[in-house]
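Encoded as structure tokens, the structure appears first; notes follow it.
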Amino acid sequence: MTPSDVKATLSFSDGSPSIDLPLYKGSIGPDVIDIRKLYGQTGKFTYDPGFLSTASCNSTITYIDGDKGELLYRGYPIEQLAEQCDFLEVCHLLIYGDLPDAEHRAKFVKTITNHTMVNEQMQFFLRGFRRDAHPMAVMTGLVGALSAFYHDSTDVQNPRHREIAAHRLIAKMPTLVAMAYKYGIGQPYIYPKNSLSYSANFMRMMFATPCEEYEPNDVLVRAIDRIFILHADHEQNASTSTVRLCGSSGTNPFAAIAAGVACLWGPAHGGANEAALSMLEDIQRNGGVEKIGEFIKQVKDKNSTVKLMGFGHRVYKNYDPRAKLMRETCHEVLGALGLGNDPLFKLAMALEKIALEDEYFVARKLYPNVDFYSGIVQRAIGIPVSLFTAIFALARTVGWIAQLNEMIGDPEYKIGRPRQLYAGSARRDVKALAQR
Ligand code: SDX
């Protein structure tokens, strides 16, 4: 980061001495005001619950321009990556900082392929869950359990150990997600098959059975691979910030990623794709397109908690570029499957059109986000609604681990420890029970 010639001067109307704070420039995007010395110099904290105006770190991985609707992974536009690359190339980009040439690509694919199996003990963790446990509850447990296998062999301060942990997590997440799915439907687990690509292997572990050969459908494999690319990283979102804060204590990277899985589950975050599809199915059940007006009225009613799931974003105040790509993928997949007239997709497009013309959404700059269409694509691929967020976690694991490794590799990093504005009781003495 580059020191700016401009200083920020903070002055107080109560005559307290003003202070100058340095500004830093990034390569693109907003400058930052360095407040690290503010408390030491003024005895005051800044106050920013939800971190709307706070940069938590200095990162080189992902850049988002919310007004333009732009998303770059290591400088490459998401549209070009989704069109020209596959997910493992994007993983290499996020972890190592650039797209691999043919030789490095082959080496990386071989490394990941050779880490796809999980310890045979992992299946016994699953048996502790009810068959109808939510897959995200299972995934939170399984990813955390990975730390039990590698706790003694992972020194987070060792860059090579961090690299191996990254390989293991990228490689094993598809196996774990497929195991969580198979466990829920009572089918046997399917082992990884090294002759298949990353995404074809995932589809086979999900949908094959021991009873017959499974031929991956190239259109569906390409679609799931693109879903992985679109979800791979997204700057300092809630789950990535969780992973960074958790990892800042020096904990095992598998435990830090498990914390990210738990955070992503929330309906305001990664759980929105499951909630968006359920919302569309509810509208469909209650009358479909004709009933959209009534639903929008509920959303706008301050007394209702109804939200248009898959719409709105803390950063994007324009169309989420991933949603555009996801809508295209919808067209491709539904067309290839002969589902071009899928009523839910038509309902989603009608809902989007109405919302984008409605003053309530326009005034609040609420546009479709990545979660609005992803559920429709995943449902068409055959993925059950309850597994949508686990798929999101599978894809986001590479982003989480890249961000975690960037933080730990930064010599300036410290354990994250925010302060507070205290509004509770001043000091008071305990009274004996009889006096309370
Ligand atoms: C993801 O951060 C990331 O990058 C996340 C993510 C990633 O890749 O990691 O992009 C993935 O989480 C995408 C977002 C998925 N969530 C949803 O689709 C859930 C629905 N969206 C909302 O919950 C909401 O839009 C958030 C949580 C996404 C953003 O909320 P903010 O930035 O805190 O905005 P806000 O809640 O303060 O809303 C501002 C106004 C409010 O109205 P007023 O109080 O001004 O009258 O907009 C309204 C909100 O009520 N609003 C919505 C709405 N989202 C915001 N009204 C109806 N439907 C919505 N979806």
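Remarks
- Conditions (1) outside any helix (DSSP H, G or I); (2) touching a residue at least 60 places away in the same chain (Cβ under 8 Å): number failed by I292: (1)
- Tabulated pairs, region 407-434, first closer than 30 Å to V156 by Cα, second open to solvent by 60 Å² or more (accessible area, probe 1.4 Å) and not polar (S, T, N, Q), C-beta under 8 angstrom, 6+ apart or interchain: G409/P159; G416/L245; R419/Y39; R419/F45; Q420/F45
- Single residue of region 305-328 satisfying the filter (more than 9 Å from the ligand (Cβ to nearest atom) and not in a loop (DSSP other than H, G, I, E, B)) that is surrounded by the fewest Cβ atoms within 10 Å (Cβ to Cβ): E328
- Per-region count, region 393-436, residues farther than 30 Å from Q236 by Cβ and of a type in the set (S, T, Y): 1
- Filter result (within 15 Å of the ligand (Cβ to nearest atom), among the acidic types (D, E) and more than 18 Å from the chain's Cα centre (by Cα)) within region 273-288: D282
- Of all residues in region 117-134, those that are over 14 Å from L176 (Cβ atoms) have Cβ atoms under 7 Å from Cβ atoms of residues that are assigned to a loop (DSSP other than H, G, I, E, B), 6 or more apart or on another chain, in R131/G186.
- Cβ pairs under 7 Å, 6+ apart, first in region 306-326 and among the β-branched types (V, I, T), second within 8 Å of the ligand (Cβ to nearest atom): V306/V299; V315/I64
- Any chance S239 is within 16 Å of the ligand (Cβ to nearest atom), in contact (Cβ under 8 Å) with a residue 24 or more places away in the chain and open to solvent by 20 Å² or more (accessible area, probe 1.4 Å): no
- If you go through region 243-254 and pick out every residue that is farther than 17 Å from I170 by Cβ, part of a helix (DSSP H, G or I) and touching a residue at least 40 places away in the same chain (Cβ under 8 Å), you end up with 2.
- Residue ID - surrounded by the most Cβ atoms within 10 Å (Cβ to Cβ), chosen from residues in region 1-32 that are among the aliphatic types (A, V, I, L, M) and within 20 Å of T60 (Cβ to Cβ): V32
- No other residue among G260, G270 is at pLDDT below 95, under 19 Å from the mean Cα position of the chain (by Cα) and surrounded by 22 or more Cβ atoms within 10 Å (Cβ to Cβ) apart from G270.
- Residues that are under 27 Å from T2 (Cβ atoms), open to solvent by 50 Å² or more (accessible area, probe 1.4 Å) and of a type outside the set (S, T, N, Q) occur at least once in region 83-97.
Every residue, every condition in (1) among the hydroxyl-bearing types (S, T, Y); (2) within 23 Å of L404 (Cα to Cα); (3) within 16 Å of the ligand (Cβ to nearest atom); (4) in a loop (DSSP other than H, G, I, E, B), yes or no:
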residue	(1), (2), (3), (4)
P17	no, no, no, yes
F51	no, yes, yes, yes
C57	no, yes, yes, yes
K68	no, no, yes, yes
E83	no, no, no, no
L88	no, yes, no, no
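- Tally of residues being among the polar types (S, T, N, Q), touching a Lys or Arg at 6+ places or on another chain (Cβ under 8 Å) and open to solvent by 50 Å² or more (accessible area, probe 1.4 Å) across region 45-66: 2
- Taken together, the residues in region 215-231 that are within 15 Å of the chain's Cα centre (by Cα) and either of a type in the set (A, V, I, L, M, F, W, C) or in a loop (DSSP other than H, G, I, E, B) (or both) amount to 5.
- Tally, over region 67-78, of residues that are buried (at least 16 other Cβ atoms within 10 Å of the Cβ) and not β-branched (V, I, T): 7
The values are calculated or read from the model by the stated rules, or taken from the named source; none is laboratory data. What you see is a predicted model, and the numbers here were worked out from it, not measured in a lab. Note: ideal-geometry Cβ built from the backbone for every residue, glycine included; neighbour counts use all protein chains shown. Just the protein is used for accessible areas: all its heavy atoms, side chains included, with ligands, DNA and RNA removed. Shrake-Rupley method; radii C 1.70, N 1.55, O 1.52, S 1.80 Å.
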